[in-house]
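Working notes, beginning with the structure itself.
The values are calculated or read from the model by the stated rules, or taken from the named source; none is laboratory data. Computed from a prediction, not measured in an experiment: that's the story for all the values here. Reconstructed Cβ throughout: ideal geometry from the backbone, glycine too, with neighbour counts over all protein chains shown. Note: accessible area is taken over every heavy atom of the protein model, side chains too, but ligands, DNA and RNA are not part of it. Shrake-Rupley method; radii C 1.70, N 1.55, O 1.52, S 1.80 Å.
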Amino acid sequence: LKAVRPKLMKINRREKSVRSEAEKKPMTNTRGKRCTCLMKISKTCLSSKNILSLDDLKSEDILSILKLAEVLKAEAKRKNDRSKQLLRGKVLGMIFQKPSTRTRVSFEAGMYQMGGNAIYMDAQNIQLARGESIEDTARSLSLYVNCLMARVYNHHDLVKLAEAASVP
């Protein structure tokens, strides 16, 4: 958390200046176009990118993620059908060596709310518990899912997973 604070403080200052500039300019785009535009921004800076740490992201990347989240949350509150289909047909593989209810629920709920599916796998349900290497697990799961997320005990396991997987 100590390492993240300076980056978030810098983003917060920049966000205030961006908001004040945005308030001066009238919005000419419709909400749908704005969302599409933000998603394109996010897609270009994050597509096929492994995020293993906040240090892997530039301040601009984090800012675009937060802006996109703000737009998506607003659209979801308005019951916009398009926001429910953004991840239609996409599957997130979730690997948990280290159990976490909040992490599991937040990822599953997010995927469900945007039309995707999430597959939960803990250490007992996949071959890691039986001696399969993390690299073999990553290669196998990459054949079936569009993205992997992992909550592990050791950061080195996360690095090995990212190196072996063919999906972000």
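Quick notes on this structure:
- Considering residues of the stretch 122-150 that are among the charged types (D, E, K, R) and open to solvent by less than 80 Å² (accessible area, probe 1.4 Å) only, the residue modelled with the lowest pLDDT: Glu132
- In the stretch 86-105, the residues that are out of contact with any Gly (no Cβ under 6 Å at 6 or more places or on another chain) and open to solvent by 70 Å² or more (accessible area, probe 1.4 Å): Lys98, Pro99, Thr101, Arg102, Arg104, Val105
- The stretch 111-121: number of residues that are closer than 25 Å to Leu54 by Cβ, open to solvent by 40 Å² or more (accessible area, probe 1.4 Å) and not in a loop (DSSP other than H, G, I, E, B): 2
- Checking Val159 against (1) at pLDDT 90 or above; (2) in a helix (DSSP H, G or I); (3) touching a helix residue (DSSP H, G or I) at 6+ places or on another chain (Cβ under 9 Å); (4) under 18 Å from Lys49 (Cβ atoms), the condition it does not meet: (3)
- Matching residues, the stretch 129-156, being in contact with a strand residue (DSSP E or B) (Cβ under 8 Å, 6 or more places away or on another chain) and not in a strand (DSSP E or B): Thr137, Ala138, Leu141, Ser142, Tyr144, Val145, Asn146, Val152
- Options Leu63, Leu52, Leu68: the member that is outside any helix (DSSP H, G or I), modelled with pLDDT of 85 or more and open to solvent by less than 60 Å² (accessible area, probe 1.4 Å): Leu52
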